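Q: Let me begin by handing over the structure; questions about it come next.
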Amino acid sequence: VQLVESGGGLVQAGGSLRLSCEASGLTFSTYSMAWFRQALGKERERIAHISWSSTYYADSVKGRFTISRDNAKNAVYLQMNSLKPEDTAVYFCAARLRGVTRYEYWGQGTQVTVSS
């Protein structure tokens with residue numbers, strides 16, 4: 001199984017980025033997907049999750065970030081708008097099977113840096 005993130009980079013505060021995560025080696029439609037981030041010196045936090053019928057957002061990103069998936073492309077996306085310097089982190093996508101609480105598969109991460 002591989003999860004490969006892309007789309008990170010350097011952006012000014014107030015700008016937007018769209019992260020992508022392409023999955024291979026798994027039956028994508030049977031997995032729920034999530035985006036996590038880890039800032040320097042901080043714990044990894046889950047910021048968005050998408051299953052078959054619902055989405056979840058952490059309060060820190062609610063109203064600014066949107067998670068979506070395309071099962072035909074085995075991909076999950078994170079549209080990030082109104083970015084803030086505190087959004088600077090390494091962003092990871094993760095997958096977990098229906099009925100399982102632990103995220104089993106992780107990508108390698110992509111760096112997002114927001115300048116003030």
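Q: Taking R96 and the conditions (1) in a strand (DSSP E or B); (2) closer than 21 Å to G9 by Cβ, which numbered condition does it fall short on, given that it satisfies the others?
A: (2)
Q: Being among the polar types (S, T, N, Q) and modelled with pLDDT of 95 or more is the filter here, so list the residues in segment 78-115 that pass it. Give the derivation first.
A: Taking segment 78-115 first, the residues among the polar types (S, T, N, Q) are 79, 81-82, 88, 101, 108, 110-111, 113, 115.
Residues satisfying the conditions are Q79, N81, S82, T88, Q108, T110, Q111, T113, S115.
Q: Quick one: how many residues across segment 1-43 are in contact (Cβ under 8 Å) with a residue 12 or more places away in the chain, among the β-branched types (V, I, T) and out of contact with any strand residue (DSSP E or B) (no Cβ under 6 Å at 6 or more places or on another chain)?
A: Residues meeting the conditions: 1.
Q: E86: touching a residue at least 60 places away in the same chain (Cβ under 8 Å) and of a type in the set (D, E), yes or no?
A: Working: touching a residue at least 60 places away in the same chain (Cβ under 8 Å): no; of a type in the set (D, E): yes.
Against the criterion (touching a residue at least 60 places away in the same chain (Cβ under 8 Å) and of a type in the set (D, E)), E86 does not qualify.
Q: To continue, here is another question. Please specify each residue of segment 6-18 satisfying the condition of being open to solvent by less than 70 Å² (accessible area, probe 1.4 Å) and under 17 Å from K73 (Cα atoms).
A: Once the filter is applied, which keeps residues that are open to solvent by less than 70 Å² (accessible area, probe 1.4 Å) and under 17 Å from K73 (Cα atoms), segment 6-18 yields S6, G7.
Q: Give the residues of segment 19-46 that are touching a helix residue (DSSP H, G or I) at 6+ places or on another chain (Cβ under 9 Å) and crowded, with 20+ Cβ neighbours inside 10 Å, sorted by residue number.
A: Scanning segment 19-46 gives a single hit, R37.
Q: Show the residue pairs meeting these rules: Cβ distance below 6 Å; 6+ apart or different chains; first residue within segment 44-66 and closer than 16 Å to Y91 by Cβ; second residue modelled with pLDDT under 95 and among the small types (G, A, S).
A: Between residues of segment 44-66 that are closer than 16 Å to Y91 by Cβ and residues that are modelled with pLDDT under 95 and among the small types (G, A, S), there is no close pair.
Q: Scan segment 4-62 for residues that are closer than 21 Å to L97 by Cα, of a type in the set (G, A, S) and not in a loop (DSSP other than H, G, I, E, B) and jot them down.
A: The answer is S20, A23, S24, S29, S32, A34, A48.
The values are calculated or read from the model by the stated rules, or taken from the named source; none is laboratory data. Because the structure is a prediction, the values reported are computed rather than measured. Ideal geometry is used to build each Cβ from the backbone, glycine not excepted, and the neighbour counts take in all protein chains shown. Note: areas computed on protein heavy atoms with side chains; ligands, DNA, RNA excluded. Shrake-Rupley method; radii C 1.70, N 1.55, O 1.52, S 1.80 Å.
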